[in-house]
Amino acid sequence: MKPDVAIVGGGYVGMPLAKAFADAGKKVLLRDVKPEVVDGINRGESHIGDVPSVELKKLVDAGLIKATLDMDAAAAADAILVALPTPLSSQREPDLSIVQAAVEELAPHLRKGHLVVLESTTYPGTTREVLQPILESSGLKAGDDFHLAFSPERVDPGRTDWTTHNTPKIVGGVTPACTERAAELYRSAVETVVPVSSPEAAELTKLLENIFRAVNIALVNELAQLCERMNIDVWEVVEAAETKPFGFMSFKPGPGLGGHCIPIDPFYLTWKAREYDFYTEFIELSGKINANMPYFCRSLISQALNHGAQKSLKGSRLLVLGVSYKANVDDVRESPAEKIIQLLQKAGANVDYHDPHVPEFDGMRSVDYEPEAYDGVVIVTAHKAIDYDDLVGRAQIVVDLRNATGRNGTGNGKVWKL
Ligand code: SAJ
């Protein structure tokens, strides 16, 4: 079949994107490099929670979604959307190797009339400075022979109120014609398309959205540390501030930043800004504060054992409750739980974890849920599957890093809160 749209990358972005276009009646070809992903999709079996298999199978059986390992098959489509990971390297610098390798594979198959759009979160300049030269090595010219644009993904895994279909889509092309071509394509599958003047504007828009979160989370994490000294309940303060119906957006303190977006995206901008002799101090400071939270939480746990059980960390038996990077998901990428467990073990504590969503983590297995069997329980991620009032009743002491115990946890002598 000649696909209308090819999507390079069948992950948490590519799969919902494929569904959005297929739901609009477009023939979609998903290219992935993992045979098990390709075979699974072609059997109508989804590996991405946001696209249930029952829905995927209908679209596969209708011939609207197909998967392939081959980039040349993907190049048969007139539009090719790249949705691949953009992690940080071990030196905490942008790692575009996955995107570059895919675009280098695509370049020999580029032809007149193609539209190529990058969706991966990246620093301003990537589309024009990295992708365009690779694609133009084919001899074709962006803006004349083919169209090139950036359109950031805005997928929030697990969210059902805002989906790929109804979340406004930013689009910025290397020329106005590129912007319009890309906007027209997305309008066939997405409710609202918002054209901007360049790929750089689109790339920075996405970074602003996520830097905004990282900086504001760092703000409340800093306040949480001050509140501990001033004996003020930071959770009460944040909840009270939330009553302001305008001019305020609440964030909650926590044990640190996890996930594959928020802890990573800001450093894409920090890295690029250096090229302009510019130091993104807000981002650097917020990164420092957020990275320090596991260490601050370790001292909270030590204090709780000391005052609540006359014990030290050394030799204590602790249960870490919830290790995924945020509540009610099974994703553990960049989870602060890893650092917290390491710090507790380094201090000589015997640490187990229990997480109903995560059977194995960092070389450990999730233990049965028996909070009373431990000197202390540390709530690192507050899944809704756990009954926290029951926990407070059963545990000897609880260190609550997410305000999961709420009012019940305040002042009852068993719960220490961040
Ligand atoms: N966190 C806090 N306090 C908060 C909010 C989050 O400590 O007030 C922590 C979380 O526990 C987690 C990390 O920060 O470890 C990131 O949390 P997040 O709520 O930002 O969730 P993510 O990483 O899934 O972010 C995604 C982002 N989606 C994309 O980048 C495509 C983000 O843009 C969304 O705004 C966010 O979901 C969302 O709205 O939930």
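Where strands (runs of 3 or more DSSP E) fall entirely within the range 312-394, those with at least 3 residues that are farther than 27 Å from Leu88 by Cβ and not hydrophobic (A, V, I, L, M, F, W, C) are at 350-354. Applying the criterion of being surrounded by fewer than 21 Cβ atoms within 10 Å (Cβ to Cβ) and not hydrophobic (A, V, I, L, M, F, W, C) to the residues of the range 384-404, the residue that is nearest to Ala309 (Cα to Cα) is Gln396.
So if I check each of Pro157, Pro133, Pro168, which one is free of Cβ contacts under 8 Å to residues at least 12 places away in the same chain and surrounded by fewer than 19 Cβ atoms within 10 Å (Cβ to Cβ)? Give the derivation first.
Details: Pro157 fails: free of Cβ contacts under 8 Å to residues at least 12 places away in the same chain; Pro168 fails: free of Cβ contacts under 8 Å to residues at least 12 places away in the same chain.
After ruling out the rest, the residue left standing is Pro133.
The test for being under 20 Å from Gly254 (Cβ atoms), of a type outside the set (Asp, Glu) and modelled with pLDDT under 95 does not hold for Arg298.
Contact map, the range 238-256: first residue free of Cβ contacts under 8 Å to residues at least 24 places away in the same chain, second residue open to solvent by 90 Å² or more (accessible area, probe 1.4 Å) and in a loop (DSSP other than H, G, I, E, B), Cβ cut-off under 6 Å, separation 6 or more or different chains; pairs are Ala241/Phe248.
Residues in the range 1-45 that are within 16 Å of the ligand (Cβ to nearest atom) and among the aromatic types (Phe, Trp, Tyr): Tyr12 alone. Of the numbered criteria (1) assigned to a loop (DSSP other than H, G, I, E, B); (2) out of contact with any Ser or Thr (no Cβ under 8 Å at 6 or more places or on another chain); (3) polar (S, T, N, Q), the one Thr127 fails is (1). When the range 199-241 is filtered for residues that are of a type in the set (Val, Ile, Thr) and part of a helix (DSSP H, G or I), the ones remaining, listed by number, are Thr205, Ile211, Val215, Ile217, Val220, Val234, Val237, Val238. Screening Val415 against (1) more than 16 Å from the ligand (Cβ to nearest atom); (2) surrounded by fewer than 22 Cβ atoms within 10 Å (Cβ to Cβ); (3) within 24 Å of Val238 (Cα to Cα) leaves a single unmet condition, (2).
Is it the case, given these coordinates, that Leu319 is more than 16 Å from the ligand (Cβ to nearest atom), closer than 16 Å to Ala404 by Cβ and buried (at least 19 other Cβ atoms within 10 Å of the Cβ)? Yes: the conditions hold for Leu319. Scanning the range 18-39 turns up no residue that is at pLDDT below 95, in a loop (DSSP other than H, G, I, E, B), surrounded by fewer than 20 Cβ atoms within 10 Å (Cβ to Cβ) and outside the structural domain of Tyr268 (by TED's automatic domain parsing).
Residue pairs whose Cβ atoms lie under 6 Å apart, sitting 6 or more positions apart in sequence or on different chains, and linking a residue in the range 303-317 that is within 17 Å of Asp352 (Cα to Cα) to a partner that is at pLDDT 95 or above and of a type in the set (Lys, Arg), are Leu305/Lys311. Scanning the range 238-275 for residues that are more than 30 Å from Tyr123 (Cα to Cα) and within 14 Å of the ligand (Cβ to nearest atom) turns up Val238, Glu239, Ala241, Glu242.
Restricting to the range 262-276, give me the number of residues that are in contact with a helix residue (DSSP H, G or I) (Cβ under 8 Å, 6 or more places away or on another chain), of a type in the set (Phe, Trp, Tyr) and at pLDDT 95 or above. Give the derivation first.
First, the residues of the range 262-276 that are in contact with a helix residue (DSSP H, G or I) (Cβ under 8 Å, 6 or more places away or on another chain): 262-263, 265-270.
Checking which are of a type in the set (Phe, Trp, Tyr) leaves us with 267-268.
Remaining after also requiring at pLDDT 95 or above: 268.
Residues meeting the conditions: 1.
Looking across the range 203-237, just one residue is more than 10 Å from the ligand (Cβ to nearest atom), closer than 27 Å to Leu118 by Cβ and among the charged types (D, E, K, R), and that is Glu203. Of all the residues in the range 106-119, those that are surrounded by fewer than 23 Cβ atoms within 10 Å (Cβ to Cβ) and in contact with a helix residue (DSSP H, G or I) (Cβ under 8 Å, 6 or more places away or on another chain) number 4. When you check Gly9 against the structure, is it among the small types (Gly, Ala, Ser), surrounded by fewer than 16 Cβ atoms within 10 Å (Cβ to Cβ) and either in contact with a Ser or Thr (Cβ under 9 Å, 6 or more places away or on another chain) or not assigned by TED's automatic domain parsing to the domain that holds His114 (or both), yes or no? Here the answer is no, as Gly9 does not meet what is asked.
Let's see how each residue does on (1) touching a residue at least 40 places away in the same chain (Cβ under 8 Å); (2) within 16 Å of the ligand (Cβ to nearest atom); (3) open to solvent by 20 Å² or more (accessible area, probe 1.4 Å); (4) in contact with a His (Cβ under 6 Å, 6 or more places away or on another chain):
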residue: Ala327; (1), (2), (3), (4): yes, yes, yes, yes
residue: Asp330; (1), (2), (3), (4): no, yes, yes, yes
residue: Ser335; (1), (2), (3), (4): yes, yes, no, no
residue: Ile340; (1), (2), (3), (4): yes, yes, no, no
residue: Leu344; (1), (2), (3), (4): yes, no, no, no
residue: Ala347; (1), (2), (3), (4): yes, no, yes, no
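In the list Glu239, Glu228, Glu203, which residue meets the criterion of being open to solvent by less than 20 Å² (accessible area, probe 1.4 Å) and of a type in the set (Asp, Glu)?
After applying the criteria, what remains is Glu203.
The values are calculated or read from the model by the stated rules, or taken from the named source; none is laboratory data. All values reported here derive from a predicted model rather than from experimental measurement. Neighbour counts are summed over all protein chains in view; Cβ atoms, including those assigned to glycine, are modelled from backbone coordinates with ideal geometry. Note: accessible area is taken over every heavy atom of the protein model, side chains too, but ligands, DNA and RNA are not part of it. Shrake-Rupley method; radii C 1.70, N 1.55, O 1.52, S 1.80 Å.
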